[in-house]
Amino acid sequence: MSKKQAGRDFNVFTILPVITILAWALCFGFLMFSEHYYAFLHPKVWPLLLIGFLIAFTFLLYGIYRFVKKEYGYTDLQTVLRSAILCLPIFFILSVQGTSLDSFALSKRSLTASKSQTDAEKSLQKLIEITENFSKQYEKTFDPLNQKGNIIQASILDLNNHAQQLHGKRVAVAGSVLKGKPSMAETESNTFILFRFLIICCTADATPIEVHVQYEGDTELKNDDWVKVTGTFYVQEKNGYSRLHVKADSVVKHEKPPLKEKYFYFSL
């Protein structure tokens, strides 16, 4: 570092690095204590956020030390460019607050929406491997007797992991809605997709679990409405793989769950 840089007079640019690191420390703290990271991370990865916070806090102390010593190190232009680049992820994190994986994400990740048959086969194989591994952990906790009257209270993951066991049974299941899916062009207009996502680590590896729902009644559903469907569950073989269906006699709008309960999580 030159003496000229070390002896620069104070201005707004000289304190900008400290402000940038402080912003990162506050961002990590906000994500941890507000639990907003549930929207895009597995709940059990919170120690990584804590580590990030501690690293940012350490850099903050070092930045304050250099500021006090007037060891600014960079020209004003360099400082602005470096701070802007470092702050871009923070702006992105703030911009997605209150959002989560929705019908748009499903339309982009769905197996049947793949651009080619080869892509669909690869996606299908991935889903099979993920759900089979998940089933080994999950099947011990599934209680097939969890029912009200003759209606089994199940999740979409229950239907996926115990399809043969639940085939032909009356079930009640909740999830989010997707209407007008391209792969449904050949189906009747009274069919929609009920879906939720399975997350291994973060939303980058999220896998959609979906059920096709056929309902003859009148309902005004929009994409991403959260509903509870009651009807008869069955498995249909199509294009070489099993497709889950519910022939519903009741579709009722349901309160959306908190972020921590919106996804299924692979046990880490």
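Where a number appears in this text, it was derived from the coordinates with a stated rule and is not lab data. For clarity, every value in this text was computed on a predicted model and none was experimentally measured. When we count neighbours, we look across all protein chains shown, and the Cβ atoms used for this are built from the backbone with ideal geometry, even at glycine.
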Checklist entry - Of Thr58, Thr20, Thr191, how do they rank once you tally other Cβ atoms within 10 Å and put the fewest first? => result Thr58, Thr191, Thr20
Checklist entry - Per residue and in Å³, how big is the convex hull formed by the alpha-carbon atoms of segment 193-268? => result 127 Å³
Next on the checklist: Report the Cα-based extents of segment 30-102 along its three principal axes, largest first, to the nearest Å.
Outcome noted: 46, 24, 14
Checklist outcome for this item: By Cβ neighbour count within 10 Å, fewest first, Ser176, Ser107 rank Ser107, Ser176
Checklist outcome for this item: Neighbour-count ranking for Leu48, Leu88 (other C-beta within 10 angstrom, fewest to most) reads Leu88, Leu48
